[in-house]
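To start, the structure itself, in structure tokens.
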Amino acid sequence: MIVRHTNTSGPKATFFSVQPAKKAEPQLDQVSPPASSRGRAESLALRGGNKPAGKPYRSFPLTPHRSGQFCKKIRGKIFYFGKVDDPDAALKRYHEHCRDLHSGKATRVERTDEITVAELANEFLSAKDRKRENGDIEAATFVEYHRDCELFVTFFGKGRSISSITRDDLAGYREYLSRGANATTLSNRVGNARSIFKFAYDKELIDKPVRFGDEFKRPERRVIRRAKAKSGRTHFLAAEIRQLIVGASPDQRAMILLGINCGIGNKDIGNLPSSGIDLERGWLDYPRGKTGVERRCPLWPETVAAIRESMAVAAERKIKRRPESQGLLFVTRGGMPCVRENFVPSRNGKPHVVPHDVIKTAIQRGLKRAGISQKGLGFYGLRRSFETIGSETGNQVAVDHIMGHVPASSDMGAVYRQHVAESALRQVTEHVHDWLFGKAPAKSKRQK
């Protein structure tokens, strides 16, 4: 026996109304049970007493869910039995399946109606929201999913059934997604849309997978490469980095040197714990936050000196740290983390992320002071410069280890490789150092 729409984590949030915009809300208080099954207390409840909100009468066994369905939690799972505008049909359906559900013989309930676009969007976003709460995805990623679901609902309409969407519809949807979007944005939008349909099939919300046809695909890689080439240079030249270092404050100088020395982005620097730096030995040992991949890197003498100076200045300021910034190497003057995101569940009906990135702001001011004007150039350009110059050594394994890259699934060497030699890591960082500051002249040998 079969039950669709099971959920072990309780009722889900509703992001899009499942009813058409002009349709009136169901009047559940007009529905009442037979007089013989109703006591005086229930009759009073129908006249405005303590009737639970949304239930047609107090003893009604099902609960209205914000997705527009009646549901009930049975044996730790949520089951759905029909739309709230037809409580009699939902109750009949519950009685048809309740014995098998309560006994555990059934694990799913077949839908009697087709899942709609709005219902699928709500199911998809509820699943992603749980991942956000568990820390499996970033808040900004969830906001992007919500934005793409909004496009999905706007184009197809809330009440349209998923099974009615054809390949021609998807071709038109791709054209709709491409409006005002560059190749990279379009690739992300198409990828997310395909994920929505795959989610529907994986969760058994539809009986067969959606056939996308030949047109509903991401842009080809050559198209994305051409678009990136037109956007201009996004990495730093050595002279530009030296200009930034000269005009930077102690904190900014240490961050810039860490960025080019170890190929670290601003978010990882903002979350870098003091324990991840060994100033005595001159090493960084800190897993990359995005991937969790182990990362070690030898530090230049200039980087160690800049970090020590930054720590001395922070000690003089006697900054009172907030709880969320305890243990971090760099904090703002107000004691907050340098890079953080505030998630706002609803702003004008939509989730929103408020970013705070003082590292990004500082580098932009430094670029302006230095007279470096290049669209798309920011702190992350230091990471791109490290990859570009470090790869010239031919030791890509060491470069990837320093940057915290995830090995390709086909890279069997990464499966068996237990560590990367310190000499290999030093070869890469010394090459980048020589590119930035110039190669030190060789010591002349004393003539005998």
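Need the failing condition index for ASP85 against (1) buried (at least 18 other Cβ atoms within 10 Å of the Cβ); (2) touching a Pro at 6+ places or on another chain (Cβ under 7 Å), just the number.
(1)
Just one of the numbered conditions (1) polar (S, T, N, Q); (2) within 27 Å of VAL190 (Cβ to Cβ); (3) in contact with a helix residue (DSSP H, G or I) (Cβ under 9 Å, 6 or more places away or on another chain) is not true of SER163; which one?
For SER163, the exception is condition (3).
Would you mention how many residues in the stretch 237-280 are touching a helix residue (DSSP H, G or I) at 6+ places or on another chain (Cβ under 8 Å), over 15 Å from ARG383 (Cα atoms) and of a type in the set (Val, Ile, Thr)?
Residues that pass the stated criteria total 2.
Tell me which residues, restricted to the stretch 356-410, are at positive phi and surrounded by fewer than 18 Cβ atoms within 10 Å (Cβ to Cβ).
Within the stretch 356-410, GLY371, GLY376, GLY394 meet the criteria.
Could you name every one of the helices (runs of 4 or more DSSP H) located completely within the stretch 376-439 that has at least 1 residues being under 16 Å from CYS262 (Cβ atoms)? Please lay out each step first, then the result.
Values: elements: 380-390, 396-403, 412-416, 422-437.
Fully inside the stretch 376-439 and qualifying: 380-390, 396-403, 422-437.
Are there any pairs with C-beta distances below 7 angstrom linking a residue in the stretch 57-77 that is closer than 25 Å to THR116 by Cα and in contact (Cβ under 8 Å) with a residue 60 or more places away in the chain to a residue that is surrounded by 18 or more Cβ atoms within 10 Å (Cβ to Cβ) and basic (Lys, Arg), with the two at least 6 apart or on different chains, and if so which?
Between residues of the stretch 57-77 that are closer than 25 Å to THR116 by Cα and in contact (Cβ under 8 Å) with a residue 60 or more places away in the chain and residues that are surrounded by 18 or more Cβ atoms within 10 Å (Cβ to Cβ) and basic (Lys, Arg), the close pairs are GLN69/LYS83.
Spot the failing condition for GLY327; the list is (1) without any contact (Cβ under 8 Å) to a residue 60 or more places away in the chain; (2) closer than 24 Å to ILE245 by Cα, and only one is missed.
Here GLY327 meets the rest and fails (2).
Can you pull out the residues in the stretch 260-308 that are hydroxyl-bearing (Ser, Thr, Tyr) and under 19 Å from VAL420 (Cβ atoms)?
Listed by number, the residues that qualify are TYR286, THR291.
Please verify whether the stretch 208-223 includes one or more residues that are among the hydrophobic types (A, V, I, L, M, F, W, C), in a helix (DSSP H, G or I) and on the phi < 0 side of the Ramachandran plot.
Checked the stretch 208-223: at least one residue is among the hydrophobic types (A, V, I, L, M, F, W, C), in a helix (DSSP H, G or I) and on the phi < 0 side of the Ramachandran plot.
Of all residues being surrounded by 12 or more Cβ atoms within 10 Å (Cβ to Cβ) and of a type in the set (A, V, I, L, M, F, W, C) in the stretch 340-355, which is farthest from GLN243 (Cα to Cα)? Just the residue, please.
Across the stretch 340-355, the extreme among qualifying residues is VAL344.
Identify the single condition in (1) among the acidic types (Asp, Glu); (2) surrounded by 15 or more Cβ atoms within 10 Å (Cβ to Cβ); (3) modelled with pLDDT of 95 or more that GLU175 does not satisfy, given that it satisfies every other one.
Of (1) among the acidic types (Asp, Glu); (2) surrounded by 15 or more Cβ atoms within 10 Å (Cβ to Cβ); (3) modelled with pLDDT of 95 or more, only one is false for GLU175: (2).
How about the stretch 296-327: which of its residues are buried (at least 19 other Cβ atoms within 10 Å of the Cβ) and of a type in the set (A, V, I, L, M, F, W, C)?
Hits for the stretch 296-327 are CYS297, LEU299, TRP300, VAL304, ALA306, ILE307.
Only one of (1) surrounded by fewer than 15 Cβ atoms within 10 Å (Cβ to Cβ); (2) over 25 Å from PHE386 (Cβ atoms); (3) touching a residue at least 40 places away in the same chain (Cβ under 8 Å); (4) among the basic types (Lys, Arg) fails for ARG233. Which number is that?
All conditions are met except number (2).
For the stretch 81-110, give me the residue count where each residue is farther than 16 Å from LEU62 by Cβ and assigned to a loop (DSSP other than H, G, I, E, B).
6
Check whether at least one residue in the stretch 281-288 is out of contact with any helix residue (DSSP H, G or I) (no Cβ under 9 Å at 6 or more places or on another chain), free of Cβ contacts under 8 Å to residues at least 24 places away in the same chain and not small (Gly, Ala, Ser), and report yes or no.
Yes.
The values are calculated or read from the model by the stated rules, or taken from the named source; none is laboratory data. In this text, all values refer to a predicted model and were calculated from it rather than measured experimentally. Reconstructed Cβ throughout: ideal geometry from the backbone, glycine too, with neighbour counts over all protein chains shown.
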